[in-house]
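Worksheet for the structure shown next.
The values are calculated or read from the model by the stated rules, or taken from the named source; none is laboratory data. Just so it is clear, the model here is predicted, and its values are computed rather than measured. Here the Cβ positions follow ideal geometry from the backbone for every residue, glycine too, while neighbour counts run over all protein chains shown. Please note that ligands, DNA and RNA were not included when accessible areas were found on the heavy atoms of the full protein model with its side chains. Shrake-Rupley method; radii C 1.70, N 1.55, O 1.52, S 1.80 Å.
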Amino acid sequence: MKKVALLLLIVTSYVAEAVDINPYANAILRYENEVEHDFFRDRERLRLIARAGIDVKFNETWSTRIGLRTGLKNRQNVPAITIARFTEQRQPPNDIFIDRFYITGKFDNLKLNIGKIPWGTKQVSDIFWDRDLNPQGVHLDYTLDKNDTFSVAHFAPLDGATNTIGQMSIAQWQHKLKIKDWQWTIAPWLVNYNGQADADFARRDTAIDNRFVRLSTFIKKGAWQFGLDLGRSIESFDQFTDQGFDDQKNSVVAEIKHGNLKQVGNYQWHVRFLRVERFAVITEFAQNATSPVDTANTQGFDLRLRRKMGKKWWLGTRFSQLQRLVGLQEEGIRFRIEARYDF
């Protein structure tokens, strides 16, 4: 037994020296108030988003990240758990699950992520894909030169905690231009989604095939950034003509952003206008942060302000007002006050 214990001690010491292990953890405490809906009950509540995990670097080429997160395991673009309710409403589940589990390989001009991966396609906003969703698949970046990168990805979006629904493929080219003090990034991309029927949880548009042409572009000067996300579905939806959705295939997000949170006392804010028609995105996977009304067939604006209060934490507020475009009229306001702390 002593020999086994000694052997384990030697192996553990060797592994600790052979790899670089870095734990991480952060938490967001959020007050949230949703009001002025026609068909949704007002909700006022206190919520928590917590993340923790480890980054392991094996050598200069290979590394991995394993992370846990709070939220709803069967609806993973909802990262928050409700810890207090100030209005009458249903208590949602409070889950903890594996948020990310992927391996990264870095070569001369190539970077590879494989596993339960983070979203890697460049975009100004999350209007097409909510970054709290981490699908199962592979993402590859190939750097052609200092101004050009080509990215491809193929993955299966999640249907609940473990199952998947459909297949998505993406190809994107990213080009940078320098014009005096301005830096302009242009990123056109193509998306192909093959739908799959009989989802258990992710049911909104996941049974429908859809294909998109998209453009994400932004121009920066100092602390200022002006950005656009544009997109159009190139599929036909004639079967939805009687609902008024057959030509609802365009999306646009315009953003003005200023500042950063690098130093204590720094401010960062953005103003966004968005208009997302019914089939311009896949409703189940689009951004969930702005409104409970819809993630598609909606338009409105989103304001956000944050201040770096200390070395490890910031305080912020966010205000969103959106309304439905076609069909049963609905609109609403979402107001938040939130603070994030990095441990």
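Could you sort 83-89, 308-314 so that the peptide with the highest average Cβ count within 10 Å comes first and the rest follow in order?
Details: 83-89: 12.3, 308-314: 14.7.
Ranked from most to least packed, the peptides come out as 308-314, 83-89.
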The alpha-carbon center of the stretch 160-203 and that of the stretch 286-343 are separated, in whole Å, by 22
So, over other residues within a Cβ distance under 13 Å of W182, counting Lys, Arg +1 and Asp, Glu -1, the net charge is +4
Under the helix-only model (-39500 (n - 2.57) for each DSSP H run of 4 or more, divided by the residues of the chain), the mean residue ellipticity at 222 nm, to 500 deg cm²/dmol, is -1500 deg cm²/dmol
The percentage of the accessible area of the stretch 50-160 (probe 1.4 Å, all protein chains present) made up of carbon and sulfur atoms, to the nearest whole number, is 56
When all Cα-Cα pair distances of the chain are considered, the percent exceeding 36 Å is 23
Result for the stretch 81-156: accessible area per residue, probe 1.4 angstrom, in square angstrom, of 51
Looks like the stretch 147-252, by Cα gyration tensor root eigenvalues a ≥ b ≥ c and the a/c under 1.5 rounded cutoff (else prolate when a/b is bigger than b/c, oblate otherwise), is prolate
Net charge (Lys, Arg +1; Asp, Glu -1) of residues whose beta-carbon lies under 14 Å from that of R336, R336 excluded, is +4
Computed over the chain: longest principal axis from alpha-carbon atoms vs helix 2-18 long axis, angle to nearest 10 degrees, is 60
Counting only protein heavy atoms with a 1.4 Å probe and every protein chain in place, the carbon and sulfur fraction of the accessible surface of the stretch 209-303 in whole percent equals 54
